Structures are given as C-alpha cells and as structure tokens.
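S.K.: If you scroll down you'll find the structure; I have some questions about it.
The values are calculated or read from the model by the stated rules, or taken from the named source; none is laboratory data. Values in this document were obtained by computation on a predicted structure and should not be read as measured data. Methodologically, a virtual Cβ is constructed for each residue, glycine included, from the backbone with ideal geometry; neighbour enumeration extends over all protein chains shown. Heads up: the accessible areas ignore ligands, DNA and RNA and are worked out on the full protein's heavy atoms, side chains in. Shrake-Rupley method; radii C 1.70, N 1.55, O 1.52, S 1.80 Å.
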Amino acid sequence: MDSLTATLERMPQLRADIDAHPGRFRMLTGERPTGPLHLGHLFGSVLERVRLQNLGIETFIVIADYQVITDRATSANVHNNVLEAMLDYLAAGIDPTRTTIFTHSAIPALNQLLLPFLSLVTDSELRRNPTVKSELAASGRPLSGLLLTYPVHQAADILFCKGNLVPVGKDNLPHVEITRTIARRFNERYGSDSGAIFPEPEALLTTTPELPGLDGRKMSKSYGNAISLGMSADETAAVIRRTQTDSQRHITFDPDNRPGVSALLSTASVCTGESPEAIAATIADAGAGALKNHVAEVVNDYLADHRSRRAELEADPAEVRRILAAGNQRANAIAEATLAEVRTAMGMDY
Ligand code: TRP
C-alpha cells in the first residue's frame with residue numbers, strides 16, 4: 001500500500017481521535033512566504049487550522065522563509081510576504097495566545113537539528129522524493145543542495161517541537177513520511193530505555209477540494225488568477241470581471257468544458273455554502289455578466305470582516321512585529337530544550 005492510500009485510510013480514525021482527545025495533539029504546519037495569501041489558502045488550510053486551534057490543540061505555524069530559497073535565486077519580498085501572511089493569519093482567527101507563529105530563520109536550534117537528521121537519510125531516499133523532483137523540474141534550475149535536503153529541514157520544523165499532527169496537502173506527504181523515518185531512526189539509534197525522543201507525526205490530509213483559480217487552473221498569484229485576501233473590494237471585483245468565460249449564455253457547472261464559468265461558480269460556492277449547481281441554476285440565462293456580479297458580491301461580503309480586521313492590524317505594524325517576535329522567542333525556547341535533549345542522547349553535552 002502506498003503512503004497516500006494508507007494515510008487516507010487512517011483519516012477517519014485520526015479525525016475521530018482529534019475530536020475526542022484534542023489535548024493529545026501538538027500540531028505543526030505552515031507555508032513558504034512566496035506571495036500574498038489568497039482565497040485558496042483560506043479555504044484549503046487556514047480556516048482548518050483555526051478550527052483545530054479552537055478545539056484546543058496546541059498549534060505551531062512556521063512561516064518557512066528558508067524554504068523560499070530552495071528553488072529561487074532571491075529572497076526579495078520574503079520580508080514583506082512574512083508580514084503580510086501574519087496579517088492574514090491573525091485576521092482569519094489564528095490567536096497568538098494559543099498558537100505560536102515563527103519564521104525558521106529566527107530559530108538557530110531548529111536549524112541545527114538538520115545536522116544529525118541529515119545523517120539518518122541516504123542520498124537515494126532524498127533523490128526519489130516526488131515533490132522535490134517536480135519542484136526541480138518546475139524551477140528550470142540545477143538541483144541545489146537545499147532543494148535536495150529541504151524535506152529533512154522540514155522534519156526539523158516538525159520535530160523541534162515534537163509535533164505529532166501535521167495538516168498538509170498531498171504534495172507534502174512525502175515530507176511527513178521522511179519525518180516519520182527520521183524520528184524512528186533517531187529513536188532507534190540514540191533513544192534510551194526510558195523512551196523515544198521524537199514522536200512519529202501523522203499527516204492530516206486536507207479534505208476540502210482545491211479551490212481553482214479564476215481560469216480553472218491552480219490558484220496562484222503568478223497566474224494572475226487568484227483573489228488575494230489583502231485586495232480591496234474594487235480590486236476583487238476587477239479580477240473577477242477579467243475572468244475569461246465563454247459564448248454560452250446559459251450558466252452551467254461543467255469544470256472540464258467551461259473552466260472560467262465553473263471556477264466562478266466554485267468561488268461563489270465556498271463563500272455562500274450553496275452548491276455550484278444551485279448557483280448556476282439561479283443565474284441560468286442571465287449570463288456571465290450577472291454571474292460575475294454575483295461572485296464579486298458574495299466574495300466581498302464573505303471577506304468584509306477579514307479585511308476590516310486585516311486593515312486594523314496593518315495600521316499597527318509594531319504590534320504585528322511584536323507578535324512574531326514573541327512567537328520566535330517561544331519557538332526558540334522549545335527548540336533549545338529539544339536540541340539539549342538531542343545532544344544528551346548523542347553524548348554531545350559538554
Ligand atoms: N512545504 C510546505 C509548503 O509547501 C511548507 C512547510 C514548511 C511545512 N515546513 C513545514 C508544512 C512543516 C508542514 C510542516 O508550503
């Protein structure tokens with residue numbers, strides 16, 4: 001059985017365990033600060049984190065700044081993207097009194113875990129990671145040492161705080177798998193009778209189907225098909241209006257043959273909770289213009305509260321920096337404690 005099938009089979013039980021015993025879990029997840037967060041991030045991952053946080057699960061979010069330079073030659077914009085992501089997390093309901101938000105470049109002890117962890121994996125294990133392979137192909141650049149080894153660095157992101165629950169999309173499953181392997185091998189090699197040092201974390205797969213961009217492709221800022229959470233209502237209406245539709249006036253939901261119309265319907269659907277088919281039936285012969293007006297209205301309604309909270313935070317950058325600094329401080333304390341344990345286990349505590 002491959003790991004995707006195994007993970008999917010495990011999901012119902014894992015979800016039941018989470019609901020019954022949220023206190024048993026420590027969740028670590030995050031993303032690379034490569035651009036502004038958009039509606040796809042909000043529905044695909046951020047709202048689920050808020051839900052888990054509110055269930056009482058101790059939560060860590062890494063803004064994975066070192067992961068940005070795995071496949072690109074510049075760190076321009078990273079600083080700004082980190083602060084923008086902070087605004088969106090906080091506006092979406094991530095509560096810094098319950099969730100630790102940190103950037104991995106600020107946590108030296110986390111990064112130091114990379115050294116012993118690298119000794120636990122082989123070159124061929126690293127080279128066969130399918131996500132690394134596709135990122136390498138997409139980058140059009142030679143394989144950097146960091147791109148090859150970043151899944152091990154991601155294991156350090158997860159294990160520094162002994163996270164045992166990792167909400168991710170399918171493409172990050174190989175990284176959770178290598179994390180489990182590293183935890184197991186570390187425990188075998190250096191653990192004592194008194195017990196394991198690291199847990200073998202479980203992936204919690206996102207169940208919501210991916211929200212497509214407005215052209216039906218993957219939602220991404222670089223395709224110009226994304227509704228960023230930080231856009232104004234007018235900018236939002238403008239990107240929606242630019243969506244390429246087709247010459248058929250009657251509106252139907254048909255993602256394969258009508259990508260633009262269907263993406264608009266999916267976008268409205270996530271905001272109102274109505275099915276895309278039902279929305280299509282309401283618009284019917286009123287055509288694409290009416291559909292776009294409807295989508296702009298429901299998206300802007302849905303995001304109105306998020307945006308007003310976001311604007312308030314944006315007006316107080318010192319407070320946002322203070323929250324990040326506090327998260328980094330807390331992550332540092334935890335990483336130093338874990339590294340101390342690792343040094344002791346390895347007999348390197350001088
Ligand atoms: N690789 C993740 C992404 O593609 C980001 C990430 C970095 C992450 N460290 C993590 C996700 C640890 C989960 C756990 O966006």
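S.K.: Taking only the Cα atoms of region 110-224, how large is their convex hull per residue, in Å³? Intermediate results must be reported in sequence, preceding the final value.
M.R.: Values: hull volume 13.8 nm³, N = 115.
That works out to 120 Å³ per residue.
S.K.: Starting with the highest mean, order 255-268, 95-108, 123-136 by the number of other Cβ atoms within 10 Å, averaged over the residues of each peptide.
M.R.: Sorting 255-268, 95-108, 123-136 by mean packing, highest first, produces 255-268, 95-108, 123-136.
S.K.: Would you mind getting the Kirkwood hydrodynamic radius of the chain from its Cα pairs, rounded to one decimal in Å? Display every interim value, and only then the final one.
M.R.: On the way: mean 1/r = 0.0461 Å⁻¹.
Here the Kirkwood hydrodynamic radius works out to 21.7 Å.
S.K.: Show that you can apply the helix-only estimate: for the chain, add -39,500 (n - 2.57) for every DSSP H stretch of four or more residues, divide by all residues, and state [θ] at 222 nm to the nearest 500.
M.R.: Only helices count here, giving -17500 deg cm²/dmol.
S.K.: Right, another one. If you line up the Cα atoms of region 67-162 on their principal axes, what length do they span on each, largest first, in Å?
M.R.: For region 67-162, the Cα extents along the three principal axes come out at 42, 31, 21 Å.
S.K.: So, one more: What is the Å³ per residue value for the convex hull set by the Cα atoms of region 1-146?
M.R.: Spelled out: Cα convex hull of region 1-146, divided by residues, is 154 Å³.
S.K.: Which residue, 44, 287, 195, tops the fluctuation ranking in a GNM of the chain built on C-alpha contacts under 10 Å?
M.R.: Most flexible of the set in this elastic network: 195.
S.K.: If the elastic network links every pair of Cα atoms under 10 Å, which of 273, 213, 93 fluctuates the most in the Gaussian network model of the chain?
M.R.: Comparing 273, 213, 93 in the GNM, the peak value goes to 273.
S.K.: Heavy atoms only, 1.4 Å probe, whole protein assembly: order 153, 294 by accessible area, highest first.
M.R.: The residues order as 294, 153, largest area first.
S.K.: So, taking all protein chains as they sit and a 1.4 Å probe, how much accessible area belongs to residue 301, in Å² rounded to tens?
M.R.: Residue 301 exposes around 100 Å² with every protein chain in place.
S.K.: Might you tell me the accessible area per residue for region 221-314, computed with a 1.4 Å probe and given in Å²?
M.R.: Ligands and nucleic acids excluded, the result is 51 Å² per residue.
S.K.: What figure in square angstrom, to the nearest 10, would you give for the accessible area of residue 253 with a 1.4 Å probe?
M.R.: Residue 253 exposes around 60 Å² with every protein chain in place.
S.K.: Related question: Where does each of 302, 350 land when they are ordered by accessible area, with a 1.4 Å probe and the largest first?
M.R.: Result, largest first: 350, 302.
S.K.: Could I ask something else about it? In region 150-198, if every C-alpha pair distance is counted and binned at 10 Å from zero, what percent goes to each bin?
M.R.: Each 10 Å bin holds this share of Cα pairs: 26, 55, 16, 2.
S.K.: Please work out the C-alpha center-to-center distance from region 124-167 to region 263-285 and express it in whole Å.
M.R.: A separation of 37 Å, based on Cα centres.
S.K.: Leaving out ligands, DNA and RNA, and with a 1.4 Å probe, what % of the accessible surface on region 221-314 is carbon or sulfur?
M.R.: 47
S.K.: Can you give me the P(r) profile for region 201-350? Cα pairs, bins 5 angstrom wide beginning at 0, each as a whole percent.
M.R.: It works out to 2, 8, 14, 15, 13, 10, 9, 7, 6, 6, 4, 3, 2, 1, 0, 0, in whole percents.
S.K.: Rounded to the nearest 20 Debye, what is the dipole magnitude of the chain about its Cα centre when Lys and Arg each give +1 and Asp and Glu each give -1 at the C-beta?
M.R.: With only Lys, Arg, Asp and Glu charged at Cβ, the dipole is about 560 debye.
S.K.: Here's a follow-up. Report the accessible area of residue 150, computed with a 1.4 Å probe over the heavy atoms of all protein chains in place, in Å² rounded to the nearest 10.
M.R.: Accessible area of residue 150: about 0 Å².
S.K.: Let me ask you something else. Counting each pair of different Cα atoms once, what's the Kirkwood radius of region 218-304 in Å, rounded to one decimal?
M.R.: After inverting the pairwise mean of 1/r, the radius is 12.9 Å.
S.K.: GNM, the chain, Cα, under 10 Å: largest mean-square fluctuation among 164, 111, 77?
M.R.: 77
S.K.: On the accessible surface of region 1-104, probed at 1.4 Å, how many percent belong to carbon and sulfur atoms?
M.R.: On region 1-104, the fraction of accessible area on carbon and sulfur atoms equals 53 percent.
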